[in-house]
Each structure stands twice: as structure tokens, then as C-alpha cells.
2 protein chains.
Amino acid sequence: MDLKTFIRDVYDFPKKGIVFKDITTLLLHAGAFGEAIRMLCEPYLDRPVDLIVGIESRGFIFGGAMARELGCGFVPARKPGKLPAETVREEYTLEYGNDAVEIHADAIRRGMNVLVVDDLLATGGTAAATIRLVGKLGGMVTGAAFLIELGFLKGRDRLGDTPLHVLMNFESE
Amino acid sequence: MDLKTFIRDVYDFPKKGIVFKDITTLLLHAGAFGEAIRMLCEPYLDRPVDLIVGIESRGFIFGGAMARELGCGFVPARKPGKLPAETVREEYTLEYGNDAVEIHADAIRRGMNVLVVDDLLATGGTAAATIRLVGKLGGMVTGAAFLIELGFLKGRDRLGDTPLHVLMNFESE
């Protein structure tokens with residue numbers, strides 16, 4: 001099954017000149033979604049994963065399904081102010097300005113094996129900040145898994161030596 | 001396993017006087033999360049479900065895992081402006097003002113059996129709007145499933161004759 005054929009290009013979203021990779025057409029298709037979850041989980045079947053950290057909000061769809069598949073817990077990484085209890089926060093730079101991501105301060109215990117999950121690796125800012133958050137709380141980042149990598153944005157250069165697992169790479173828009 | 005014991009009360013979130021039911025403590029625990037997904041899916045194992053519509057954003061975590069478990073597709077119901085292609089929209093009233101929810105116009109085909117999923121049934125505004133959206137596109141709402149119902153907010157009164165499946169009910173704050 002060629003999962004790339006289930007991704008839809010949407011032109012000029014979220015702004016003029018951008019070609020947006022729409023994953024909802026893959027989610028819609030039971031067989032493609034199931035295959036994506038199976039393939040995303042495959043490298044981790046024989047490795048200890050205690051927690052998946054899923055990045056808001058499309059990372060919740062993949063991360064939730066993967067946590068069930070791998071039999072591990074799930075931690076949401078969210079935009080500031082969304083989580084109710086005490087959080088730790090990491091900022092990161094965007095093209096214009098800054099943004100930040102938070103997880104609950106008691107979500108990860110020292111030495112836990114953590115897998116970071118999102119749908120898309122673009123510039124890598126959110127993923128890099130999430131990986132730093134896991135480290136701040138003493139977690140070991142086993143890897144980071146993405147459905148799609150936009151290779152031309154070189155996001156993987158920001159993720160240091162974290163082992164990456166990517167199902168499809170787009171080398172140009 | 002008493003899933004209620006995994007829910008954490010957070011006081012004064014998102015504002016003074018509110019007791020927030022924090023589900024992240026359940027998600028963290030692999031056994032509790034797995035049991036919640038299994039129990040949420042149970043009534044639908046022998047009924048046709050073509051699609052799960054998960055409501056942004058905590059509904060994505062449960063809906064994604066349930067779609068994988070039931071072997072069906074997944075459709076995100078999102079806040080306005082987040083979905084890239086053509087959408088249909090339904091507005092609903094909040095305590096102060098209005099909000100809206102959208103799904104892609106081509107996400108649901110006439111006659112499809114659709115299950116609506118969210119973590120929490122509170123006042124029922126978003127869930128009711130989502131159910132109307134499914135109907136607008138010709139889908140049949142098989143049911144709506146929630147981890148938690150805040151019974152004292154009477155949200156189920158807004159959901160008409162949609163069959164509801166709820167794992168835990170809180171009758172008071």
C-alpha cells in the first residue's frame with residue numbers, strides 16, 4: 001500500500017504560496033490509517049516504550065492509536081495554558097516570533113523510555129522543544145516518529161541524535 | 001478496574017470556582033488507557049461503524065485509538081479555520097457568545113455509519129453541533145461515546161435521540 005497516495009495537496013493553505021499536506025484523506029480510509037499506525041509502531045515493538053508524547057493536535061490522533069497499539073501510556077504536549085495542572089514549558093522560534101509547548105511536570109518519571117509522535121516533521125521547532133521537555137523531566141527519548149517529513153525544511157537537523165522514524169518524505173513542495 | 005480513580009480533580013481551572021476533571025492521569029497509565037479504549041469500543045464491536053468523528057482536541061486521542069481498534073476511518077471535527085479543504089460548519093452557543101465546529105465537506109458520504117467521540121460530555125454544545133454536521137452530510141449517527149459525563153450539566157438533553165455510551169458519570173462537582 002503506497003500511503004503517499006492518500007495524502008492530499010491543498011494549495012494556498014494556511015497562506016498563499018504554501019502547499020499543505022492534508023492527512024485527513026489518509027485518516028478517512030480505514031485500511032490506510034491502520035497500515036500507517038502499524039508501520040509507525042513497527043520499530044518499537046521489541047523495544048521498551050513506557051510513554052508516547054503526542055504533539056497537539058494531529059499528533060494526538062496518531063499518538064493515541066500508537067499508545068493503544070504498543071500498550072503504553074500517553075502524554076499530551078500542548079500549547080501554553082491548555083493543561084490544567086503544573087507544567088514545564090519550552091519555547092521555540094518560528095519564522096516570525098516565538099511559540100511554546102508544555103507538558104505536565106508529573107507526567108514523566110526519571111528513566112522512563114519516551115517516544116515523541118507527531119503527524120508532520122516540518123521545521124522541527126515543536127518536536128525539538130518537546131524532546132527538550134522530556135529530557136528536562138529525566139525521560140530518555142527512545143525516538144521520534146512522524147507520518148510525514150518535509151525534507152526540504154531540514155527539520156531533522158534540529159533534533160540532534162534522536163533516532164527518527166518517518167513513513168514518507170517529501171523532498172520538495 | 002475503577003477508571004474513576006485515574007481522573008484527577010484540578011481546582012480553579014480554567015477559571016476560579018471550576019473543578020476540572022483532568023484525564024491526563026488516566027492517559028499516563030497504560031492499563032487504564034487500554035481499558036478505557038476497550039470499554040469505549042465494546043458496544044460497537046458487532047455494529048457497523050464506517051467512521052469515527054473525533055472532536056478537537058482530546059477527542060482525537062480517544063477517537064484515534066478507537067478507530068484503530070474498530071478498524072474504521074477517522075474524521076477530525078475542528079475549530080474554525082484549522083481544516084485545509086472545503087468544510088461545513090455548525091455554530092453553537094456558549095455561556096457567553098458563540099463558537100463553531102467544522103468538518104471537511106467530503107469527509108462523510110451519504111449513508112455512512114458514524115460514531116461521534118469526545119473525552120467529556122459537559123453542556124453538549126460541541127457534540128450536538130458535530131452530530132448536526134454528520135447529518136448535514138447525509139451520515140447516520142450510530143451513537144456518541146464519551147469517557148466522562150458531567151451529568152449535572154444535562155448535556156445529554158441537547159443530543160436528542162442519539163444513543164450515548166459513557167464510561168463514567170459525575171453527578172456533582
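Picking from A:Y92, A:Y11, A:Y44, which is most flexible by a Gaussian network model of chain A using Cα springs under 10 Å?
Maximum fluctuation in the GNM of chain A, among the listed residues, is at A:Y11.
Quick one: Cα centre-to-centre distance for segment B:110-157 and segment A:46-109, in angstrom?
Their Cα centres are 26 Å away from one another.
Return the average number of partner chain Cβ atoms within 10 angstrom of each residue Cβ along peptide B:80-90.
3
For segment A:43-112, which trypsin sites (Lys or Arg not before Pro) are in a loop by DSSP, counting at most 13 other Cβ atoms within 10 Å?
Counting only loop positions with at most 13 other Cβ atoms within 10 Å, the trypsin sites (Lys or Arg not before Pro) in segment A:43-112 are A:R109, A:R110.
Quick one: grab Rg to one decimal and Dmax as a whole number for segment A:1-102, Cα atoms only, in Å.
16.1, 44
From the phi of every residue in segment B:80-94, what ³J(HN,Hα) in whole Hz does the Karplus formula 6.51 cos²θ - 1.76 cosθ + 1.60 yield, where θ is phi - 60° and glycine or proline is x?
Those phi angles translate into x, x, 8, 8, x, 9, 5, 10, 10, 10, 10, 9, 8, 8, 9 Hz.
Calculate, for the protein assembly as shown, the solvent-accessible area per residue in square angstrom, rolling a 1.4 angstrom probe over the heavy atoms of the protein chains.
43
Where nothing but the Cβ of Lys and Arg (+1) and of Asp and Glu (-1) is charged, how large is the charge dipole of segment B:1-142 around its Cα centre, in debye to the nearest 20?
Here the size comes out at about 160 debye.
Could you tally up the Lys pairs in chain A with alpha carbons closer than 30 Å? Skip any pair fewer than 8 positions apart unless they're on separate chains.
Within chain A, the lysine pair count is 19.
Can you give the mean number of other chain Cβ atoms that lie within 10 Å of the Cβ atoms in peptide B:2-9?
That average works out to 1.
Where the accessible area of segment A:1-78 is counted over protein heavy atoms with a 1.4 Å probe, how much of it, in %, is carbon and sulfur?
C and S atoms contribute 52 percent here.
Taking segment B:41-170 as the region of interest, what is the percent of Cα-Cα pairs per 5 angstrom bin, listed from the shortest bin to the one with the maximum distance?
The percentages, shortest bin first, are 2, 12, 23, 26, 22, 11, 4, 1, 0.
Quick one: which residues, 5 or more positions from B:R89 or on another chain, have an amide H under 5 Å from its amide H? H modelled 1.01 Å from N in the peptide plane, none for Pro or chain starts.
none
Averaging over every viewing direction, what projected area does the convex hull of the Cα atoms of the protein assembly as shown cover, in nm²?
17.0
Nearest 100 Å², what total accessible surface is buried between chain B and chain A (probe 1.4 Å)?
In total, chains B and A hide about 3000 Å² from solvent.
Can you give the average number of partner chain beta-carbon atoms within 10 Å of each beta-carbon in peptide A:19-28, as a whole number?
Mean shielding count: 5.
The values are calculated or read from the model by the stated rules, or taken from the named source; none is laboratory data. All values reported here derive from a predicted model rather than from experimental measurement. Cβ: placed from backbone, ideal geometry, glycine included. Neighbour counts: every protein chain shown. In case anyone asks, the SASA skips ligands and DNA or RNA and just uses the protein heavy atoms, side chains included. Shrake-Rupley method; radii C 1.70, N 1.55, O 1.52, S 1.80 Å.
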